[in-house]
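Below is one structure, written out as structure tokens, with a few remarks after it.
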């Protein structure tokens, strides 16, 4: 059996220290990587929620523009975008609807998103 020289022992200790340094660097970097991933996923969720809010506002404006009651808009929004709040206002022969909703989970850190859409006001007696 060959005995290990001093140089061999030094190399072995250096390898142990280097692997320990790699583990420490990984432990420091991992939370940052997880934070970036969570932020990216939340941002994607907010973008999807924004698109859904825009679609819901457009649908709601068309529903009101056809002369359907406000309850029809509320029902539609409950199905399409739960938790959304909405308001409407007439504007130059159009009916405009503003929809606002807050995301859930990590997307909530970005706050509420909103969208406004207008449609022709075809209700009987509507100005325009």
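The values are calculated or read from the model by the stated rules, or taken from the named source; none is laboratory data. Just so it is clear, the structure is predicted and the values come from calculations on it, not from any experiment. Every residue, glycine as well, gets a Cβ built from its backbone with ideal geometry; the counts of neighbours run over all protein chains shown.
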Looking for whichever is under 18 Å from the mean Cα position of the chain (by Cα) and modelled with pLDDT under 95 here; the options are 28, 99, 46, 22. Which one fits?
-> 46
Can you tell me which of 71, 20 is part of a helix (DSSP H, G or I) and more than 30 Å from residue 122 (Cβ to Cβ)?
-> 20
Scanning the range 89-128 residue by residue, the ones that are farther than 16 Å from residue 59 by Cβ, assigned to a loop (DSSP other than H, G, I, E, B) and in contact with a helix residue (DSSP H, G or I) (Cβ under 6 Å, 6 or more places away or on another chain) total 1
Taking the range 47-63 on its own, how many of its residues are touching a strand residue (DSSP E or B) at 6+ places or on another chain (Cβ under 7 Å) and within 13 Å of residue 115 (Cα to Cα)?
-> 9
Looking at the range 64-87, which of the residues that are under 11 Å from residue 119 (Cα atoms) and surrounded by 15 or more Cβ atoms within 10 Å (Cβ to Cβ) is farthest from the chain's Cα centre (by Cα)?
-> 65
What is the residue count in the range 41-51 for residues that are in contact with a helix residue (DSSP H, G or I) (Cβ under 9 Å, 6 or more places away or on another chain) and in contact (Cβ under 8 Å) with a residue 40 or more places away in the chain?
-> 6
Would you check if residue 121 is surrounded by 20 or more Cβ atoms within 10 Å (Cβ to Cβ) and either on the phi > 0 side of the Ramachandran plot or modelled with pLDDT under 95 (or both)?
-> yes
Looking only at the range 64-92, and only at residues there that are in contact with a strand residue (DSSP E or B) (Cβ under 7 Å, 6 or more places away or on another chain) and touching a residue at least 24 places away in the same chain (Cβ under 8 Å), the one that is nearest to residue 52 (Cα to Cα) = 81
